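Data first, discussion second: the structure below is written as structure tokens.
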Amino acid sequence: MRQPHQILAFPFKKDESGKYVYGIFCRVGKHERWQGIAGGVEDDETFLEACQRSL
């Protein structure tokens, strides 16, 4: 069962020059959409655990 909460994650890393690079993904279909990673939070998990599972 899911909690009535959602997560939205934008993974990132610092590159060799010190700039941040973000993971924003393109969903292709009828309408092309750019988004982070989204998902629901299960009853027995924290927000961080839901982010890790969704990633």
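The values are calculated or read from the model by the stated rules, or taken from the named source; none is laboratory data. Keep in mind it's a predicted model, so treat the numbers as computed, not measured.
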Identity of the residue in the range 1-42, among the hydroxyl-bearing types (Ser, Thr, Tyr) and over 16 Å from the mean Cα position of the chain (by Cα), that ends up farthest from residue 54 (Cα to Cα): 17
Looking only at strands (runs of 3 or more DSSP E) that lie completely in the chain, which have at least 3 residues being modelled with pLDDT under 95? 2-9, 25-27, 33-35, 37-42
